[in-house]
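Visitor: So that we are looking at the same thing, I have put the structure below in structure tokens.
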Amino acid sequence: MAKLIKVWDGTTWQEVGPALPNALTIDGTQTLTNKTISGASNTLTNIGNGSLTNSSITVNGSAVSLGGSVTIVTGPASTAVSSNVTLAANNKYFVDTTAARTLTLPASPTLGDEIQVFDGTGTAATYNITINSNSGKINGSVQNAILDVNGVGASLIYTGSTYGWRLG
């Protein structure tokens, strides 16, 4: 039996020939305009983001192209401290001041890194919290900071190598 192509002309199906083999293969590039492609075995490749209706998503107010990446920064982690430790950026530390503590700043901070330190037991006047600069700057000079007020809280923000950590 001959295989014919049927073409829809908007009103009726028309058979056109000549007779075709059992399988029809179309090679090369096909232009599709306002067409629907369905089926599990169909694959579209090399479609630029600009050709897509929704070529990006918005994350924290910024558009990110599909296939791109973005770093999502969540709120600071909270850590209870009852020994001398090296601090990590973007964390809150609640310090047990039943003994003096030394907290060492990160060796390689990045602009905008923030660290928050709190006297968790309210005895920093007796048992001070020393923030070791780790050879970096705090408020513009290489120095350690001493927190010696009961219930004190401090925020350190890294502003770059010229001023270092801003203690506030």
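The values are calculated or read from the model by the stated rules, or taken from the named source; none is laboratory data. Keep in mind the model is a prediction, meaning the values are calculated, not measured. All Cβ positions, even for glycine, are placed from backbone atoms using ideal geometry, and neighbour counts span all protein chains on display.
Visitor: Filtering the range 75-87 down to residues that are of a type outside the set (S, T, N, Q) and surrounded by 14 or more Cβ atoms within 10 Å (Cβ to Cβ), which residue is modelled with the lowest pLDDT?
Guide: Restricting attention to the range 75-87, the residues satisfying the condition of being of a type outside the set (S, T, N, Q) are 75-77, 80-81, 85, 87.
Pick out the ones that are also surrounded by 14 or more Cβ atoms within 10 Å (Cβ to Cβ) and you get 76, 81, 85, 87.
Numbers: 76: 73, 81: 96, 85: 97, 87: 97.
In this case the residue turns out to be 76.
Visitor: Within the range 135-147, can you find the residues that are closer than 13 Å to residue 119 by Cβ and surrounded by 15 or more Cβ atoms within 10 Å (Cβ to Cβ)? It would help to see each step written out before you state the result.
Guide: In the first step, residues of the range 135-147 are kept if they are closer than 13 Å to residue 119 by Cβ; the result is 146-147.
Hit for the range 135-147 is 147, nothing else.
Visitor: Of all the residues that make up the range 141-162, how many are touching a residue at least 24 places away in the same chain (Cβ under 8 Å) and in contact with a strand residue (DSSP E or B) (Cβ under 9 Å, 6 or more places away or on another chain)?
Guide: 13
Visitor: Does residue 55 fit the bill of being surrounded by 10 or more Cβ atoms within 10 Å (Cβ to Cβ), among the small types (Gly, Ala, Ser), modelled with pLDDT under 75 and over 30 Å from residue 138 (Cβ atoms)? Write out each step before concluding.
Guide: Values: surrounded by 10 or more Cβ atoms within 10 Å (Cβ to Cβ): yes; among the small types (Gly, Ala, Ser): yes; modelled with pLDDT under 75: yes; over 30 Å from residue 138 (Cβ atoms): yes.
Spelling it out, residue 55 is indeed surrounded by 10 or more Cβ atoms within 10 Å (Cβ to Cβ), among the small types (Gly, Ala, Ser), modelled with pLDDT under 75 and over 30 Å from residue 138 (Cβ atoms).
Visitor: Got at least one residue in the range 110-123 being over 24 Å from the mean Cα position of the chain (by Cα), in contact (Cβ under 8 Å) with a residue 12 or more places away in the chain and within 19 Å of residue 158 (Cα to Cα)? Even if it seems obvious, please write down each step before you answer.
Guide: So the first thing to find is which residues in the range 110-123 are over 24 Å from the mean Cα position of the chain (by Cα), and the list is 117-123.
With the extra rule that they be in contact (Cβ under 8 Å) with a residue 12 or more places away in the chain, the set shrinks to 117-123.
From what's left, within 19 Å of residue 158 (Cα to Cα): 117-118.
So far as the range 110-123 goes, yes, one or more of its residues are over 24 Å from the mean Cα position of the chain (by Cα), in contact (Cβ under 8 Å) with a residue 12 or more places away in the chain and within 19 Å of residue 158 (Cα to Cα).
Visitor: Let me ask another. Would you kindly identify the strands (runs of 3 or more DSSP E) lying entirely within the range 121-168 that contain at least 2 residues that are more than 22 Å from residue 99 (Cβ to Cβ) and not aromatic (Phe, Trp, Tyr)? Reasoning before the result, please.
Guide: Working: elements: 129-132, 145-147, 153-158, 165-167.
Because the criterion is at least 2 residues that are more than 22 Å from residue 99 (Cβ to Cβ) and not aromatic (Phe, Trp, Tyr), the strands (runs of 3 or more DSSP E) in the range 121-168 that meet it are 153-158, 165-167.
Visitor: Inspect all residues belonging to the range 19-30 and state whether any of them is in a loop (DSSP other than H, G, I, E, B), more than 30 Å from residue 133 (Cα to Cα) and modelled with pLDDT of 70 or more. Walk me through it before giving the result.
Guide: Here is the first cut: in the range 19-30, the ones in a loop (DSSP other than H, G, I, E, B) are 21-30.
Those left that are additionally more than 30 Å from residue 133 (Cα to Cα): 21-30.
From the residues that got through so far, the ones that are modelled with pLDDT of 70 or more too are none.
No: zero hits.
Visitor: Output yes when any residue across the range 111-118 is under 30 Å from residue 55 (Cβ atoms) and of a type outside the set (D, E, K, R), and no when none is.
Guide: yes
Visitor: Okay, next question. Residue by residue through the range 101-113, note down the ones that are outside any strand (DSSP E or B) and surrounded by 14 or more Cβ atoms within 10 Å (Cβ to Cβ). Spell out how you get there, then give the answer.
Guide: Kept after step one, since they are outside any strand (DSSP E or B), are these residues of the range 101-113: 105-113.
Result: 105, 106, 109, 113.
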